[in-house]
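Novice: Mind looking over this structure? Questions follow.
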């Protein structure tokens, strides 16, 4: 289930819970008023008035809940679209620089990060099609070894990947990998962004509708 869908389902759940609470409270009110009316001998007229009042309250709550639900959906969609646009622009900008020294240095950092997470003796670096930046494999190997305490050999894979940029770091046997491509990191960032969006939508973790 996506992060967005989880948030939407949470909103729906809160709306339903709010409606249930109002209905329960209305029923209690109905019983109290009818009991009082029966004591005064005006049960039939009172019952009609109470039923109308209850239905009016329920309709009002539903309208209010639905309006808030629609508003929060729009807020969620707008924030999601803005985050996606910003990340896409960042990727586009970085992709245009794939022949620069700065891009190569960035890849070295991504490779070291991925290799340190894997913590294995041999890693392969898979680069995007059409990109062949000059990377200091000796430096990458040395830094991974320093971080993990495991003597690590680093090599470039002949196999290429479909990506706008970044690097896929995998163990030599292919059983483990870290997706440090631009797309992979963007997806992880989106997940983190959604975690930030949720408390904002729900008023700093106050999930009442």
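Per-residue answers, yes or no, for (1) in contact with a strand residue (DSSP E or B) (Cβ under 6 Å, 6 or more places away or on another chain); (2) part of a helix (DSSP H, G or I); (3) at pLDDT 65 or above:
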site: 14; (1), (2), (3): no, yes, no
site: 20; (1), (2), (3): no, yes, yes
site: 66; (1), (2), (3): no, yes, yes
site: 75; (1), (2), (3): no, yes, yes
site: 80; (1), (2), (3): no, yes, yes
site: 97; (1), (2), (3): no, no, yes
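Novice: I've got another one for you. Could you check how many residues of segment 107-125 are buried (at least 18 other Cβ atoms within 10 Å of the Cβ) and part of a strand (DSSP E or B)?
Specialist: Here the count works out to 3.
Novice: When you look at residue 174, is it modelled with pLDDT under 95, buried (at least 17 other Cβ atoms within 10 Å of the Cβ) and assigned by TED's automatic domain parsing to the domain that holds residue 140, yes or no?
Specialist: So residue 174 does not fit the description; no.
Novice: Just to be sure before I move on: is residue 141 at pLDDT 90 or above, over 30 Å from residue 89 (Cβ atoms), over 30 Å from the mean Cα position of the chain (by Cα) and surrounded by 14 or more Cβ atoms within 10 Å (Cβ to Cβ) in the structure I sent? Even if it seems obvious, please write down each step before you answer.
Specialist: On the way: at pLDDT 90 or above: yes; over 30 Å from residue 89 (Cβ atoms): yes; over 30 Å from the mean Cα position of the chain (by Cα): yes; surrounded by 14 or more Cβ atoms within 10 Å (Cβ to Cβ): yes.
Considered against the rule, which asks whether it is at pLDDT 90 or above, over 30 Å from residue 89 (Cβ atoms), over 30 Å from the mean Cα position of the chain (by Cα) and surrounded by 14 or more Cβ atoms within 10 Å (Cβ to Cβ), residue 141 comes out as yes.
Novice: For segment 144-166, does any single residue satisfy the condition of being assigned to a loop (DSSP other than H, G, I, E, B), more than 14 Å from residue 127 (Cβ to Cβ), within 32 Å of the chain's Cα centre (by Cα) and at pLDDT below 95?
Specialist: no
The values are calculated or read from the model by the stated rules, or taken from the named source; none is laboratory data. In this text, all values refer to a predicted model and were calculated from it rather than measured experimentally. FYI the Cβ positions are ideal-geometry reconstructions off the backbone, even for glycines, and counts take in every protein chain you see.
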